[in-house]
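The values are calculated or read from the model by the stated rules, or taken from the named source; none is laboratory data. In this text the structure is predicted, and so the values were computed from the model without any measurement. Note that each Cβ is placed from the backbone with ideal geometry, even for glycine, and that neighbours are counted across all protein chains shown.
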Amino acid sequence: MKLLHIDSSIAGQQSVSRQLTAAIVRRLREANPDAVVIYHDLAAEPVEHLAVAPAAGSVTLEEFLAADVVVIGAPMYNLGVPSQLKAWMDRLVVAGRTFYYTETGAQGGLCGGKRIIVASTRGGFYTAPSPIAAMDHQESHLQSYFAFLGISDVEFIRAEGTAMGDELRHRALEAALAAASALEAE
Ligand SMILES: Cc1cc2nc3c(=O)[nH]c(=O)nc-3n(C[C@H](O)[C@H](O)[C@H](O)COP(=O)(O)O)c2cc1C
């Protein structure tokens, strides 16, 4: 198994999403001791923002294409994903590699075989029936984005309410860690 592990939180050791991606990767490695893991901390080593259309042969793209499983730490920043993560995502959308156009203009994704697991963290509560569910442009973006690449069943391990006091943060983290350790890992 080839596993690509991506973190994007700017919060360092305090980050909930970093703790969650670490727990998810630990779980996958326990079940797959031969797994080869590539790790990127996009806050420490940012992927450059696009200046021209993404290159077909970029290392970022090739690593993604080679991965069987991609574990992504995705905090909500200003209702969306961190710009560090968006810069990484922008490198992967390459016609003929990750998606294609048909003659009729329709599009299809080419990455159908991959498993995507997202550690989603947010300070407030956005899961329906939250009255602000429609303001979630983080999980909904990731869902649409990966569906565009052919992966329609993105798995979310979620901790919400992390900015609403120590007790809620602790409870959210514990529940999400439990979900991570119960993940299907074979
Ligand atoms: C720059 C910034 C913007 C944020 N914007 C939002 C937001 O729009 N909505 C929200 O619920 N929480 C927001 N938060 C709170 C984070 O989503 C929350 O603290 C989360 O736990 C961050 O993930 P992390 O713990 O992995 O760093 C923001 C935090 C930061 C640092």
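A few remarks follow.
- Out of ALA159, ALA185, ALA128, ALA87, sole residue that is in a helix (DSSP H, G or I) and aliphatic (A, V, I, L, M): ALA87
- When SER140, SER120, SER152 are checked against the criterion of being of a type in the set (S, T, N, Q), under 26 Å from SER83 (Cβ atoms) and part of a loop (DSSP other than H, G, I, E, B), SER152 stands alone in meeting it.
Listed here are the residues, each with its yes/no results for (1) under 27 Å from GLY112 (Cβ atoms); (2) not charged (D, E, K, R).
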| residue | (1), (2) |
| --- | --- |
| ASP7 | yes, no |
| GLY12 | no, yes |
| ARG18 | no, no |
| VAL25 | yes, yes |
| ASN32 | yes, yes |
| VAL37 | yes, yes |
| THR60 | yes, yes |
| PHE64 | yes, yes |
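- Among residues of segment 71-89, those that are touching a His at 6+ places or on another chain (Cβ under 8 Å) and closer than 17 Å to LEU3 by Cα, counted: 2
- Subset of segment 17-42 [away from the ligand (no atom under 16 Å from the Cβ) and β-branched (Val, Ile, Thr)]: VAL36, VAL37, ILE38
- Residue match in segment 155-174 (condition: within 14 Å of the ligand (Cβ to nearest atom), within 19 Å of the chain's Cα centre (by Cα), among the β-branched types (Val, Ile, Thr) and modelled with pLDDT of 95 or more): yes
Let's see how each residue does on (1) in a loop (DSSP other than H, G, I, E, B); (2) modelled with pLDDT of 95 or more; (3) over 20 Å from ASP153 (Cα atoms):
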| site | (1), (2), (3) |
| --- | --- |
| LEU4 | no, yes, no |
| GLU30 | no, yes, yes |
| TYR39 | no, yes, yes |
| ALA53 | yes, no, yes |
| ALA74 | no, yes, no |
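- Residues of segment 58-81 satisfying the condition of being within 16 Å of the ligand (Cβ to nearest atom) and either touching a strand residue (DSSP E or B) at 6+ places or on another chain (Cβ under 6 Å) or under 18 Å from GLY96 (Cα atoms) (or both): VAL71, ILE72, GLY73, ALA74, PRO75, MET76, VAL81
- Residue in segment 95-118 that is surrounded by 12 or more Cβ atoms within 10 Å (Cβ to Cβ) and within 16 Å of the ligand (Cβ to nearest atom) present: yes
- Residue pairs meeting the criteria (Cβ under 7 Å; at least 6 apart or on separate chains; first free of Cβ contacts under 8 Å to residues at least 40 places away in the same chain, in segment 139-159; second of a type in the set (A, V, I, L, M) and more than 16 Å from the ligand (Cβ to nearest atom)): GLN143/VAL154; PHE146/ILE116; PHE146/VAL154; VAL154/ILE116
- Candidates ALA55, ALA22, ALA51, ALA43 - the one that is touching a strand residue (DSSP E or B) at 6+ places or on another chain (Cβ under 8 Å), surrounded by fewer than 21 Cβ atoms within 10 Å (Cβ to Cβ) and hydrophobic (A, V, I, L, M, F, W, C): ALA43
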